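Written out below as structure tokens is the structure these notes cover.
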Amino acid sequence: MMNEEVDDTEFFQQDFTTASDWELFNARLEEIFHEWKLSFGQSAFRKLQHHELATCRWNKARETIKFADVELHVVHYRAVLEETELEGAEAPDSTSGCQTFVDLMAIENDYCVAYGQRDGGDGYVDEDQKVHPLAQWYGLREFVIVSPAKKSIANESQIRILMSSVHIAVSESSCDVPVFVQAMDKVQHVYLGVCESGAVRMSFDIVHLHLTPPTCKYMSGLLEVFKGKIGVPYVDPVAVSVRFTYSLTRFLSGSFLSDKIIPFDENFLYDTTSGSVVSLPFGVAIDPVAELIVHCTWPQVADNVVVDSQTYSDFDPLTAPLWSLRAQFEDTPACYLADCLQEYLQIVDSSRALTEYFSELAFGATTPIAGANPLDLLTESKIPRISSVLPGRMGTAQKPSKLEGPLSDDQLKDMLYYLFPDAQQEPRWPYPPSATKPAEFDPHRVKSANPDSLVHRLAGLLALCNAYFGGKRGVAQLWAEFAQEMRYRVERCIPVPG
């Protein structure tokens, strides 16, 4: 029994050809790069225009992969640029080579304007943000980001393993697009990346410092760091672009705000001498400008021409050759005109009838109020009324009753005189000749009324009543009085002004 041979295959069944989790992760990463076709090769492409990355639209492709028990998101960002079509020839600004290297060295990408810096918290850029920090810093039109789905990667060993996988996947798939790994806390925007093109490999490293070294606060110290990283003696002058940014967030709000003028209000003073037209309220409750940003830029300056150190600086903002101003606005500013129109448009969805606001109108067919003239009720109109001398249907003269609503007698009188100025001996708001004559056909203004016409004034008054004079009940009161006046004029062939 002791001399019996033992078969080793019964005890050692491990198959070393089986792929490990790390190898499967690398293979899946390469497969994603092939599916997205991230190898440019030597294809021609055009150069970027100034601030084009901040104004164009961005496409995003997303895949989810797992490495061990960690879920990772792979997101491909690509700027959608407007193609310049030239027949029989290439675009004058087209070039070839590695697209990433050209974008990094392009002067047009310096100081890319970033419209917003909001992050949704999951590592992805919010829809309101137009440009990613990587596109802002490096001027890249296309890149890939590998980021954790949940917790951030802060362990140095995990970061090194993930970067090794990215290096292998980029090399095996011949990917010319830079690939970044998001490390540390997501709000810090720390990205470590690599880009390979032929025999050249470029590494993107970020160092996060809590405090800025004193030497790095001036151009002289930054140039020493730059030249020290090159590793070889550098004699030629270095081209440097410098920008100073000044932000103004505190304003004297009273200087920017306009008064809230409400026509037909008790405190509103009519200017009869200037003939001003009654209009909707206009202005803002708070300053809509949240921040003013001024950029003072020196583009492409040689380092041997200017001096910027701790003791002396040639960079005076007043002597900057290029100035630019940006304004950041409030998301939801309180604007009087916008609020008035938005509330007015909500009446379209109202399903309440006019009789629900004034029950006496439900019997309008049998009561004298249906033929009552509101101008006769509030003011003794000069237009003769037949109904004022004829007895009622029952044979007894009935005094018409007016509607009781949020509008006072004086306000309603002014509004009706504004709509029907011919009821006054000396009209305060007469209609202009352009509002009465037929307008020329304009295809861009098919469904709109003539300026300062009857329909134009009525729409403005209804919006005012809805916003400042009782809401929908005020609208119903004015509409009922207007309908009664129109019915009276049509039945008796009295001209309707405007």
At the level of C-alpha centres, the distance separating the stretch 295-315 and the stretch 24-77, in angstrom, is 38
For the table 66/217; 186/217; 447/472; 37/217, the rows whose alpha-carbon distance is greater than 31 Å are 66/217; 37/217
Spelling it out for residue 38: with amide H atoms placed in the peptide plane at 1.01 Å from N, the residues 5 or more places away or on another chain with amide H under 5 Å from its amide H are none
Mean accessible area per residue over the stretch 424-483 (1.4 angstrom probe, all protein chains present, square angstrom) is 57
Here the net charge surrounding residue 313, from other residues whose Cβ is less than 15 Å away from its Cβ (Lys, Arg +1; Asp, Glu -1), is -2
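Net charge near residue 327, counting Lys/Arg +1 and Asp/Glu -1 over other residues with Cβ under 14 Å of its Cβ?
So the surrounding residues net to -3.
Ranked highest first by the average count of other Cβ atoms within 10 Å around their residues, in what order do 299-305, 449-455, 197-203 fall?
Taking the mean over residues of other Cβ atoms within 10 Å, the ranking is 449-455, 299-305, 197-203.
When ranked by the protection proxy of mean other Cβ atoms within 10 Å per residue, highest first, what sequence do the peptides 160-166, 431-437, 227-233 form?
Ranking the peptides 160-166, 431-437, 227-233 by packing returns 160-166, 431-437, 227-233.
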Chymotrypsin sites (Phe, Trp or Tyr not before Pro) in the stretch 412-497 lying in a DSSP loop, each with at most 14 other Cβ atoms within 10 Å of its Cβ, come to 441
Most packed first (mean Cβ within 10 Å per residue), the peptides 333-343, 207-217, 176-186, 69-79 order as 176-186, 69-79, 333-343, 207-217
Carbon plus sulfur, as percent of the 1.4 Å-probe accessible area of the stretch 138-229, comes to 55
If each K or R counts +1 and each D or E counts -1, the residues other than residue 298 whose Cβ falls under 12 Å of its Cβ total -4
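The values are calculated or read from the model by the stated rules, or taken from the named source; none is laboratory data. Keep in mind that what you see is a predicted model, and the values were worked out from it rather than measured. Note: ideal-geometry Cβ built from the backbone for every residue, glycine included; neighbour counts use all protein chains shown. Quick note on the areas: whole protein, heavy atoms, side chains included, nothing else; ligands and nucleic acids left out. Shrake-Rupley method; radii C 1.70, N 1.55, O 1.52, S 1.80 Å.
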